[in-house]
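To start, the structure under review is shown below, and the notes come after it.
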Amino acid sequence: MKKLDFLKVSFMVRSDKKESGMSPVLMMLFLEGRRAYISTGLVAEFKNWDAKYGRFIGDPSKVNTKNEFLERLKMDVLRIYNEMKSKEDDITVDVLRQKLKGESESKAKSLIECCQIYNSSFEKLVGIEIGEITFGRYATFAARINDFISSKLKLKDILLADIKYSFGIEYEHYLKTELKLHQNTLVKYIQYLNRVLDYCVKYEWLEKNVLFGYKCPVKQSKREYLNQDELQRIMDKVINIDRLREVRDIFVFCCHTGYAYKDAAELTPDHIGTGINGRKWIYTSRQKTDNVSNVPLLDQAMEIIEKYRDHPICVSKNRLLPMKSNQKLNSYLKEIADICGISKPMTMHIARHTFATTVLLSNGVSMEATSKMLGHSSLKTTQIYGKILETRVGAEMEMLSAKLSKPTETEIKLNQAK
């Protein structure tokens, strides 16, 4: 057997793979001029890592256990190396890495375990990068994966290495047939599964995400909105019942600002400022995405703000509008739809669609400006409203075509004369 160089074992933080400020800690093996890297399953912040000595630094009560774990890993590697060396086995870093992975199979991570780790890491980002409602769905997503593994696969959990492409197919079928989820809701469950698997790849618990590129199409939902005639009918309607009149005004305000219920409910006088054009604006961010959603106040919206400036609810809660619960507003909007002769399903969210389609795009406001005011993350989301307009334009052009194809009075008289 040829003479071997001594095996060198060290630890490092991988700087090119960072997740929420944390980077994976790797064990590096160096032998005969070749290197191999093995995940330790630990993560660290750069400020809590000593690159020179390859150790965690900081509060001893927090880092001592981790450093002891790294030391045990190092001793295990050297033990295996010496055993192979004593047997005069052909030792390379690749062979050594395979041997180490084989011995650590019992410590391999499972899917449900990784869902819990993933959720825990994002729980710390609530209010920073993600909303409380969004994070609340993560527990539901993880629970459904757990239910599927338990009821369909008859397992307590499944190792990451045992996940095949068929797992995605069977899970989608389960969501459709057993839970009877709407297609677009189902897509979110599949997206969550994919994000967890991507997370596992980043931390090197999994070689690759076998569900990468898994196709689960979004079903285009119909977006109702009021046309100009319907909106004007609601605005002009004389309503003598106070509760319905207030709800009508709130709805009209949202039709001219595009705010969803939750965003409108949080508006205060402090959100109003003066823009560079001298017009009053509302400066705020959407609660759903935290994207900036600044909107210039049209006269219709400004009149409603002035109307309720001294309303008891607005004064006591420091709000722009006397908002009720979303459930009550939608219930009262059905009554308003009836007395205004509108058959469309009137909800607070239809006001947002009406703002985008009837108030903005129909009046020549650009797609980019519309997207900014709606606080959309992507222009693709706003383009959905453009498709609605295309349908409307197409229908109107058909009417125009039919009108133009009718013979004029002069043509009729000439034909009669013949």
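Observations
- Subset of Lys176/Lys324; Lys152/Lys202; Lys66/Lys152; Lys176/Lys208 violating a 30 Å alpha-carbon distance limit: Lys176/Lys324; Lys66/Lys152
- The label-point distance for Gln228 and Met28, in a model that sets each label 7 Å from Cα toward Cβ, rounds to 6.8 nm.
- Less than 5 angstrom separates the built amide H of Leu320 from those of Leu267, Thr268, all sequence-distant by 5 or more or on a different chain.
- Sequence-distant residues sharing a close amide H with Leu42 (under 5 Å, placed H): Val25
- Nearest-20 debye value, region 111-202 charge dipole, Cβ charges on Lys, Arg, Asp, Glu: 180
- Segments 185-191, 275-281 sorted - mean Cβ within 10 Å per residue, highest first: 185-191, 275-281
- Amide H contacts under 5 Å for Trp49, placed H, 5+ residues apart: Ile57
- Order of Ser23, Ser121, Ser331 under a 10 Å beta carbon neighbour criterion, fewest first: Ser331, Ser121, Ser23
- Among Lys154, Lys328, the order by Cβ neighbours within 10 angstrom, fewest to most, reads Lys154, Lys328.
- Which of Cys115, Cys340 has the fewest Cβ neighbours within 10 Å, and the rest in rising order: Cys340, Cys115
- In this rough spin-label picture, where each label sits 7 Å from Cα along the Cβ direction, the Thr134-Lys202 distance is 1.3 nm.
Each value in this text was obtained by applying a stated rule to the coordinates, not by laboratory testing. Computed from a prediction, not measured in an experiment: that's the story for all the values here. Cβ: placed from backbone, ideal geometry, glycine included. Neighbour counts: every protein chain shown.
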